[in-house]
Structure formats: C-alpha cells, structure tokens
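The values are calculated or read from the model by the stated rules, or taken from the named source; none is laboratory data. Predicted, not measured: the structure shown is a model, and the values here were computed from it. Positions of Cβ are generated from backbone atoms using ideal geometry, with glycine treated the same way; all protein chains shown enter the neighbour counts. Side chains included, ligands, DNA and RNA excluded: accessible areas come from the protein's heavy atoms. Shrake-Rupley method; radii C 1.70, N 1.55, O 1.52, S 1.80 Å.
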Amino acid sequence: MDYSQFLFMHHEIGVLIVFLLVFLFDTFLPARYQSKLAVTSCVLFGIYTVLSFFTPLDNAEAFSGMFVTSPIVASIKNILNVGMFIVLLQSIQWNNSDHEVIRRGEFIELMLVTLFGMYLMVSARHFLLFVIGLETASLPLAALVAFEKKQYESHEAAVKYLFTAVFSSAIYMLGLSFVYGFAGSLYFNDIAVACGLAEGSMLLYVALAFVVAGIGFKISLVPFHLWTADVYQGAPTSVTSYLSVVSKGAAAFAAFIVLTQAFGTVYSAVWEWMLYALIILTITIGNLFAIRQTNMKRFLAFSSISQAGYIMLGVIAFNATGIAALSYYVLIYVVSNLTAFGVIQAIENATDKVDMTDYNGLYKTNPKLAFAMMLAMFSLGGIPPFAGFFSKFFIFSSALAEGSVAMYVLVLIALINTIVSLYYYLLVVKAMFINPNDNPIPTFRSHWTERAGLVICVAGVLLIGLVSCIYTFLNQAASVSQLF
Amino acid sequence: MDLSLSIITIFLPLLTFFVLGLLGMKMPKKTAGLIGTASMLVTTIVAYGVALNYFFNPDFMVGGVREAQLVFNETWLTMGENLKVSMGILVDPISAMMLIVISTISLMVHLYSLGYMHGEKGFQRYYAFLSLFTFSMLGLVVATNIFQMFIFFEMVGVSSYLLIGFYYQKHSAIAASKKAFIVTRFADLGFLIGIMLLAYYCDTFDFQTLMSNPGAIVGSSAGVTFLGCSAASWAMALIFIGGAGKSAMFPLHIWLPDAMEGPTPVSALIHAATMVVAGVFLVARMFPVYLATPEVLELITATGAVTALYAAIVACVQTDIKRVLAFSTISQIAFMFTALGVARPELHEGVGYMASMFHLFTHAMFKGLLFLCAGAIIHMVHSNEMDQMGNLRKYMPITHITFLIACLAIAGIPPFAGFFSKDEILVAAYENSTLWGVWMSVVAGLTAFYMFRLYYRIFWWSKPDYSHHTPHDCEWVMTLPLILLAVVSCLAGFIPFGHFVTWNGENYDIHLNWTVAGTSIAIALVGILVATVLYRKENSVPDRMADSVKGLYKAAYRRFYMDELYQFVTHKIIFGIICKSIAWFDHVIVDGTMNMLAHMTNNASYAIRKLQSGSIQFYVWVYFIGALLLGVVTFMLLI
C-alpha cells in the first residue's frame, strides 16, 4: 500500500492532531491546568482552521478512489471548520460552568470526532467509507445531546435522537443493500453506471427513496424531521447550535455528493421529483410550525427545518453553480444562525430564560444583544443588504439555471415561503424592540468568549454578502472540481 | 507621489466617518473636529501629491497625449459574460483636477466649521457626515465605470440629504432635505435607465471601453429608434437628466435654493463647489460618447442657456443672501453645461470642454469663498435677509475684501480667476453660433449686476442699528480659509489650463480673444456700474423700479412660480387623482388578498399542530411511511 495517499487527507489529519492534543491535555495534564482546557482547545482549533485555508486545493483521490478531495470539497471542509470554531468559542462559558466542569474534555473530543466523520461523508466515493463517516458523525451526537446529565429534557431528547437515528440508519442501510443488489459494487462510479441500466425498476425507486430518507433525516427534511424540535429544545444550547449548523451543513453537502456522484444518471428520472416534493413540504411545513413557537430554541429548530429546504435547492439544481451556491448558503447560514444561538446562549447562561416572551423589551436592557439578534433575523429572513439575501439570491438563481417550468414553480413557492418566514422572524424583532415588558431581562455583561463569537458572526452577516470574491471563489472551485 | 496612493484619499475619509460616527459621541466635540480636520488635511496632501504627479510627470504623456491611468480596477459583481461591475480608481485630467478641487474646498470647510459650528448640538455628527460626503464625492470622480459612478452619485445624494437636514428639529430643514433627495433621486431614475440602456446595447459599464470607440457603439444601436432618436441618444439624454438633477438645471433646479437650510459651510462645500458640479463632471466624463450623439449636445446647450438666463433673472430680485448665491450657482453651472454643449473638436480644438472644466475649477474657489463669507456674515448678523445688513465694510474688513475679490472674480473682471474661464466659455459659444454667444454675454452682464447688488446691499447701503451686538471679523479658523480662497481666486486665472485639461489629452495654449474679452469686460462693467448707481447708497429708486414692473418683479421674486407648479402637479394631480385610486386598490384588493392568505396560513398552522405530538413511536411511523410513499409515489408517477 502506498502510504503517501494519507497525505491527501490534510483536513482529516489536521482535525485528528487537534483531537489528540486535546485528549492528551485532558488526560495527562494536572488538575490545575484543566480550567484552561476549553480555551486551549478552542485556540488549537482556531489555528488549525486558519492553517486549513492554506492547504493546497487539488483534485486528488486515494485508496483506489474511495476517498476524493477537490477544491470545492476542501472549501466545504473549511466552511465546516469555521462553523465548528464559532460553536467551540461560544461554548466555552457554558463548558466552564460548575456542573459541566467534570466532563469538559469529553464535550470537545466528541465534537471533534463528529467533525471527522463529516469530513469522511463529504470525501467518500464508496458507500462503506460513507457509512462509517455517517455513523461517526451521528452516534457521538447522541451522547452530546444527553450532556446535561441532571436534566430530564436532555435525556428525553437523547433517547429520541438515538432511537430515530438508529431507525433511520436501518432504513438507509436497507436502501444501500438494494443498491448493492443491482449494482454489485459500492463505488459511486460503478453505481452511477448501474443506475443508468436499471432505470425503470421498482427496486431503484425504493432504494433511492430509502437513501434520500436516510440523509434527509440528518438534514431534517419533512417528513423525516420530527425528532428535530424535541432534540433541539432538550439538548444543551451549544449542541443545538452545532446540530443546526455544522451537522446540517455537512449532511447537505453529503446529500449533494451522493445524489450527484452515485445517482447522477437517474437525476431527472427519479430523485429530482423526490427532492422536489420534499423541498416543498420542508419549506412549507417548517414555516407553518415556526409561526406558533414560543420557545426560542424550538422556534429556531423549525426555522432551521425551513432553511434546510432552501439549502436543498442547491442540490436539485444539479449543476456546478448549485454546489457553489449551496456552500455559500451554508456559510451564511452558519454565521446567521450562530448569531441567533449566540444571543440565546448568552441570555440562557446569564438568566436561564429561553421563552420568546422573556425577550420582550430586550432592546431597552441589552441593546447590543438585541441588535445582533435583529441582524440574525434579517439575514435568515433574507432582507438585503445582509448576507442572507445574497445566499438566497444565488441559490434561487442556481435552481433557475436548470431552466424547466417545474423549477420556476418551485422557486416561486420558495419565494412565497420567504414572505411567510419574514413574519415570524420579525415577530422576534418586534418582541425585542416594541413589546413592552414590566420584568425584562436585566442588563448583564456576557463573557468575552460569547462576545467574541458574536462579533465574528455579526461581521460575517454584514460583510460576507458584500465581499463578492467569496462567491466567485466558490464558483471557480466548483467548476474545476470535476463533479459533472 | 505614486498614483496608487490615491487609494488613501478614498479610504481615509471613510475611516474617519466610521470613527466619528461610531465613537464621536464618546469624545469631546473639539477632539472630533480636530480628528476630522486632520484626516482631511492628510487627504488633501495626498490628493495634491497624486494630482501634481499626474500632471507634471512626463511618463504619463505618450505621443503628446496625457493618458488616463487605471490605478485599481477590481471586479465586484459579475452580471454576464462581458458585463462586469468593477470598483477602482481612474486618474485622468478631469479626475485629477477634481481631486484638487474637492480636497481643497473640503479642507477649507472642515477648518471653517471648527469656528462656525462651535457649540452646536451634534457637532461630532456634523463632522462624520462631512467625511462621508468627502468620501462619496472622491469616489465619484475616480470611478472607473458608470455603475460605480452611479453608486457614489447616490451616496453623494444621501450625504447631502443628511447635511441639509442637519438641524433636524427645524421643519423647514426637514422639508428641504426631503425635497433635495426626492428631486435628485427622481432625476437619478433617468440616469439609471440610461445606464441600463447603455449597458444593454454596449455590453459594458467601463468608461475606457466606452471611450475607446464611441462611434461604433452609437452605430451598433442606431438601428433601434424610439420617437426618432436612436437608443444611444436616449441613453445619453437620460444620463444627462441624472446629471441635470444633481446640478440643479431647469426645471429640476427647485431643490437647490431650499437646500440653503443646511449649515452655511455645507452650502459652500456641497451646493456650490462639489456635488452640484457632479452633473457637469458626468457629462465631461462621457464627452466622447456625447460627441457621437450631437442632438443630445444640442439639448445640453439649450438646457444650460435657458437655466443660466432664468437663474440670473431670479437672482436679481432675491433678498435672502444665500438664495442669491444659490441662484448664482445654478446660473454658473449652466454656463459650464453650455460650454460642454457647444464644444466640438473641430471648433478651436474643442475649447468648450476645456473652458467648462476651467470654469468649474475657478467657480468652485470663488463660489466657495462667497458662501464662506456669507456664513461669516450670517454668523455675526444672525439673519439671512439683506435688510438686516448694510455698511458691514466698516465692521468686517477681511470679509469685505475677500467678498469683493470673489464678486470681481464671478463678474469676470481681469485679472481675477472668473474672467479667464468665463471668457473661454464665451469664445466657445461664439465659435458655435452667434446666438448662444450673445445670449451668454447677456447672462454674464446680469451676473455682474446681481453680484454687485448683493455686495452693495451687504457692505454699503444703509446703516442699521448694530448697537446691541457689534459685528466683527470672525476668529482665525474662519478667516484663514477666506484669505486662502481669495488668494486662489486672484491667481487661478493664470493657470495655463489648456496644458492640463483638454477633451482628448492633447495640450494647447490658450489665446485670449480680445474682441470677445473686451466685450465681456465692457458688459460686466456696465452691470457693475448699474448696481453701483442703484445700490451704493440707500435710496428709493430700486423700489420704484420694482413697482413700475410689479408683475414681472413679483414673478421673478417667486421664481416664476416653478415651486407652485410642482406643488400643483404633485399634490393635486399625482397624489390627488392617481395615488388615491392606487391606494384604494392597495387597501381593498391587495391587502384583502394578503389578509386572507395570512388567515389561511394561520389556520393551516393550527390544523397541523398534532403532527408534532412528542411521541417517538409516531415519529418513526411517519418516517417509515414517508420513505415508502416517496418511493412508491414517484414510481407510480414517473413510470
């Protein structure tokens, strides 16, 4: 075996090194240093994130084509890194709180392991590797969701997550075994060829439906989304933000890779229409549920379901612009959603309040937090000139580039839903700025790590849309990545 | 100084805006003012360095032509195969000249405002807005493409809006700022449509690409005609309308007199020297394309000539000193437009273009000076009305002398700056046709008359009672800019402008045409003489003259009822008839549909709430049925 193949796995090696360093710190350094663990690992991960931007962007494959890297894949991993870094930064305060102190190391280590799994999902071109990645990215999350050991909700959420995840994996595997049945191989390339030949067989349809359902679970597409709200609400906020941005983003990328690389030959024959139905359902039902929520975390859970529908527009576009727009969307979704979660977390850490009615009058007492939250809501709602507008614009135009009437209808439905979503995003803004409150959240000063995280996110919300070179770069990376 | 340093002139004011805008309220007023002025000083030094390097470095002269230099040009938005919006810096003769004009006047105004705005509420905000304006104006003149120019055009409009409405507790100031913004914005709509037309037919926004072969561009769109003119002509005419709005050309001039509600230094900076010439600059920038559409140049000439005469007549009867200056500005800018309109390469090496830019330069200096003097006077007398003034030459000697120099300059008396530039404009007008030559000479005579009427009413005329508060010259921060600008107004005429700014970059010497020059001096002297006779000492002759032509006087005083006409059209016709019916449609049909949709959405949201039951068995059941249905239904539908 040629061991130099490992050198193509820059990101994987990098995250493993960070993991090992954190693990060694956690295990072997004396107790008096342990209070610095969270900050140290955040700094380590930050250094790795910055360095990873300088890794070479090449098309390369390793292990007889099981593992592939290309400019857009590397960019996707960089985007995930950015999200992960902000989540780590925002979790420091919570991680250092008294009741978490004892499990400080585990939290970070588990997170890093799931990130490793996500890398594999994006890079895999063989379903064995893909499933390993998927499970590595899923199972530790169950432990993370249950992290608040002494809280009942956290347990309930973890059980729900674990049970549905296992069920979904089973369905997914069943689908894969069908695929193996007619293709006789688990390499994406071989499957693509076999799919072309198997067109019209019932087996192909059921297999694809199960595969889509399996990935749809991770992205929380309707009707595979029912776990989302309960888990988001019960899990610690750091884990929720991780689930809602990094995990979901990675799954969206993986969906794009699997559907285009392994099943690209039956795009218009099969899965275009599956996705079509799922996107409409996801955006609409996510929105309808979001309207009635009063708990902020649950509210953002449904908002993130609806956002997942928009993200999938990049997949259904089925072209190089699609993946560029999708990556761009995820990047902007990362900063916007983490702004919202950053505010929620800061308020939760300081006052334990997560209800929307508690946010009434927030502007009077904590104007900066209210302002950051407002920007996040504007960006999520897609109001120009904030970043969310540009991401929506590009992802809609990538879907329209496909050119069929059906796609115009789909984008029209998505646009109408954008208007509905504005209603509930603005409800939050209204609560903070207009609604009166006799007993508002008192003025407090959040921890510096939370502020730093918010500053990064707000800067992203304000600037990413205007700095056009980011999208241009992603577009170029996508077009030289030999995806189509 | 290296041309690439010009980036500093753009970003330093922007940085200052952010610093003062975000942190201004936390620092003492004085610090904010000093930061603003210091940063403007650096900007000015760099701007001079860049401009002088460009004008005097022989490297930029290739084959006797001063070549435009593209210093930066980064693609910002990609709209199609060839259609790209860039952001960059283009240094060529006119933009280098504008760098000097803007930075000079802006620095003077920054300095002057330290005294004038002393103790005002919102002092820091004022300096932040000044920086924002300077940034936008500099970004406008160095734009490399018409889209960048449009963006900065709008930003200039916004900062002007903010500064006119600086005293936001005064109703008249709010109304004036809104009026300025809406009128110029309305004109910019024309500009935007023009840009889109041009981009559609030429497939580029870039100035240099457009300039390189304007004939072919016009030729390519000549097939498409609308109302007898080619698409290119329409595009260029619409772009001119945008410029005419910003430059307050008739009939879009109505906002400028009202804009005098802003602080007087702002009027000096924005409404005399820089922003209002943006339209002239726009036409000059695209001049080679305008040459290919001569009918639009005719339109520009006619607009300029009509505006010049109209504004000059109105200026003769106004009593608010800032309004006199405002109408005089409109009239002088109209001179510049006329000069551009009559310029043709075959006529005297395109002297009109050079004359227009020359006049822009000198006018910025002496008109800036006039406004700053007016500011000093208003600062002392606490009124804008002529009747409250008089005999001020005894009390404010420095202001008096500098004001007189500026008046002589604008009246066109040698050797002051205005003589040389105005003379070139008249030469260009006579070269084109005798009609425009005579017309503009008459306006020049009127200019001399109304300026000296103003001068005598302020500094001579009666002796009002100043006993409660004796006026005197202001502190040095306010008088220093007056003196500096007065020196420039004396000397600027001797700049051999033909060596620096010409329509195609080739140099030539300016020769005074003594027939034209002699006539114009004579006319100016007559104007001054009439003003001297009428207004040197308080007397009743002017009033009796006004009474004898009461109707005309009143019409001119009310600016020929242009504002009333606008009022009628907007309120009675647009708001009253058109908007009411649209409002009904909006309330009943649009809102009704939306309310119904909202109602339905809400009901749907309520109806499906059971789906999220919390029971995990149900979740898994839905998941499984969903996956199965997905496969089966697509199979049934697609096979």
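Per-structure values
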| item | result |
| --- | --- |
| Condition met for A:ALA255 (at the interface with chain B (Cβ under 8 Å from one of its Cβ atoms) and either in contact with a helix residue (DSSP H, G or I) (Cβ under 7 Å, 6 or more places away or on another chain) or open to solvent by less than 10 Å² (accessible area, probe 1.4 Å) (or both)) | no |
| Boolean, B:PHE560 is more than 8 Å from every other protein chain (Cβ to nearest Cβ), farther than 30 Å from A:HIS155 by Cβ, assigned to a helix (DSSP H, G or I) and modelled with pLDDT of 80 or more | no |
| Residue in the range A:422-457 that is farthest from A:LYS368 (Cα to Cα), counting only those that are within 14 Å of another protein chain (Cβ to nearest Cβ) and touching a residue at least 60 places away in the same chain (Cβ under 8 Å) | A:TYR423 |
| Subset tally (residues that are small (Gly, Ala, Ser), more than 10 Å from every other protein chain (Cβ to nearest Cβ) and assigned to a helix (DSSP H, G or I)) for the range A:180-227 | 6 |
| Single residue of B:LEU269, B:LEU256, B:LEU309, B:LEU282 found to be open to solvent by 10 Å² or more (accessible area, probe 1.4 Å) and hydrophobic (A, V, I, L, M, F, W, C) | B:LEU309 |
| Residue within the range B:346-357 that is at positive phi, of a type in the set (Gly, Ala, Ser) and not in a helix (DSSP H, G or I) present | yes |
| Residues being more than 30 Å from A:ASN475 (Cβ to Cβ), touching a residue at least 12 places away in the same chain (Cβ under 8 Å) and not aliphatic (A, V, I, L, M) - total across the range B:62-93 | 6 |
| Which listed residue, of A:GLU148, A:GLU153, A:GLU135, A:GLU199, is in contact with a helix residue (DSSP H, G or I) (Cβ under 9 Å, 6 or more places away or on another chain), acidic (Asp, Glu), under 13 Å from A:PHE263 (Cα atoms) and touching a residue at least 12 places away in the same chain (Cβ under 8 Å) | A:GLU199 |
| Residue that is basic (Lys, Arg), within 14 Å of another protein chain (Cβ to nearest Cβ) and farther than 26 Å from A:ILE456 by Cα, where the choices are A:ARG298, A:ARG292 | A:ARG292 |
| Lone qualifier among B:LEU77, B:LEU70 - being aliphatic (A, V, I, L, M), in contact with a strand residue (DSSP E or B) (Cβ under 8 Å, 6 or more places away or on another chain) and within 14 Å of another protein chain (Cβ to nearest Cβ) | B:LEU77 |
| Enumeration of residues in the range B:600-623 that are surrounded by 15 or more Cβ atoms within 10 Å (Cβ to Cβ) and more than 7 Å from chain A (Cβ to nearest Cβ) | B:LEU611 |
| Check on B:ILE398, open to solvent by 10 Å² or more (accessible area, probe 1.4 Å), at pLDDT 85 or above and closer than 30 Å to B:LYS537 by Cβ | yes |
| Filter result (open to solvent by less than 10 Å² (accessible area, probe 1.4 Å) and aliphatic (A, V, I, L, M)) within the range B:338-360 | B:ALA339, B:LEU340, B:VAL342, B:ALA343, B:VAL351, B:MET354, B:ALA355, B:MET357, B:LEU360 |
| Qualifying residue in the range A:151-159 (condition: within 22 Å of the chain's Cα centre (by Cα) and closer than 30 Å to A:SER64 by Cα) | no |
| Residues of the range B:146-195 satisfying the condition of being among the small types (Gly, Ala, Ser) and buried (at least 17 other Cβ atoms within 10 Å of the Cβ) | B:GLY157, B:SER159, B:SER160, B:GLY165, B:ALA173, B:ALA176, B:SER177, B:ALA180, B:ALA187, B:GLY190, B:GLY194 |
| In the range A:341-354, residue farthest from A:GLY453 (Cα to Cα) [restricted to those that are open to solvent by 10 Å² or more (accessible area, probe 1.4 Å) and under 24 Å from the mean Cα position of the chain (by Cα)] | A:VAL354 |
| Any chance A:ALA235 is within 13 Å of chain B (Cβ to nearest Cβ), under 17 Å from the mean Cα position of the chain (by Cα) and under 15 Å from A:LYS297 (Cβ atoms) | no |
| Criterion (touching a residue at least 24 places away in the same chain (Cβ under 8 Å), open to solvent by 20 Å² or more (accessible area, probe 1.4 Å) and away from chain B (no Cβ under 14 Å)) met by exactly one of A:LEU129, A:LEU120, A:LEU174 | A:LEU129 |
| Test: residue in the range A:311-330 that is surrounded by fewer than 24 Cβ atoms within 10 Å (Cβ to Cβ), touching a Ser or Thr at 6+ places or on another chain (Cβ under 6 Å) and not β-branched (Val, Ile, Thr) | yes |
| Residue in the range A:77-93 that is exposed (fewer than 14 other Cβ atoms within 10 Å of the Cβ), under 21 Å from the mean Cα position of the chain (by Cα) and within 23 Å of A:ALA254 (Cβ to Cβ) present | no |
| Residues of the range A:153-169 that turn out to be open to solvent by less than 60 Å² (accessible area, probe 1.4 Å) and more than 8 Å from chain B (Cβ to nearest Cβ), as a count | 6 |
| Of residues in the range B:85-112 being farther than 18 Å from B:LEU140 by Cα and over 20 Å from the mean Cα position of the chain (by Cα), the one surrounded by the most Cβ atoms within 10 Å (Cβ to Cβ) | B:TYR112 |
| Any hit, the range B:268-289, residues being farther than 30 Å from B:LEU325 by Cα, assigned to a helix (DSSP H, G or I), touching a residue at least 12 places away in the same chain (Cβ under 8 Å) and not acidic (Asp, Glu) | yes |
| Conditions (1) in contact with a Phe, Trp or Tyr (Cβ under 8 Å, 6 or more places away or on another chain); (2) surrounded by fewer than 24 Cβ atoms within 10 Å (Cβ to Cβ); (3) within 14 Å of chain B (Cβ to nearest Cβ); (4) in a helix (DSSP H, G or I): number failed by A:GLN261 | (3) |
| Close pairs from the range B:625-639: first within 7 Å of another protein chain (Cβ to nearest Cβ), partner β-branched (Val, Ile, Thr) and assigned to a helix (DSSP H, G or I), Cβ under 6 Å, at least 6 apart | B:ALA627/A:ILE171; B:GLY631/A:VAL206 |
| Among the candidates B:LEU162, B:LEU99, B:LEU111, B:LEU140, residue that is assigned to a helix (DSSP H, G or I) and either free of Cβ contacts under 8 Å to residues at least 60 places away in the same chain or of a type outside the set (A, V, I, L, M, F, W, C) (or both) | B:LEU162 |
| Within the range A:273-283, tally of residues that are within 11 Å of chain B (Cβ to nearest Cβ), open to solvent by 40 Å² or more (accessible area, probe 1.4 Å) and at pLDDT 90 or above | 2 |
